[in-house]
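The values are calculated or read from the model by the stated rules, or taken from the named source; none is laboratory data. Values in this document were obtained by computation on a predicted structure and should not be read as measured data. Ideal geometry is used to build each Cβ from the backbone, glycine not excepted, and the neighbour counts take in all protein chains shown. Accessible surface is based on the protein model in full, side chains and every heavy atom, while ligands, DNA and RNA are left aside. Shrake-Rupley method; radii C 1.70, N 1.55, O 1.52, S 1.80 Å.
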Amino acid sequence: MSDPIWPRGVSAPAARALAAGYRSLEQLAGVRERELLALHGMGPKAIRVLREALVAQGLDFG
């Protein structure tokens, strides 16, 4: 399986944090922001970028 592709603006540390349990943007729908922020390497900017990408697809965090 190929590496997950995250939206532009998600830093390498945040992408590595996401790779520990998520393989696609759609898998983040319904996940609470605070759960993602608890991941080492995940910060507010990555959350903002991911939220914008989710909303563009008609999805959102939990």
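Observations
- Between the labelled values [x] 1.22; [y] 0.98; [z] 2.41, the entry that holds Cα Rg over 2.2 N^0.38 Å as derived from this structure is [y].
- Cα lying deepest toward the dipole's positive end in the chain, options TRP6, ALA46, ALA20, charges on Cβ: ALA46
- All other residues whose Cβ lies under 14 angstrom from that of PHE61 are scored, Lys and Arg at +1 and Asp and Glu at -1, for a net of -1.
- Heavy-atom accessible surface of the chain: percent carbon and sulfur, 1.4 Å: 53
- Summed over the residues of the chain and divided among them, the accessible surface reaches 64 Å² per residue at a probe radius of 1.4 Å.
- Considering only alpha-carbon pairs that sit under 8 angstrom and 6 or more positions apart, the relative contact order computed for the chain is 42 percent.
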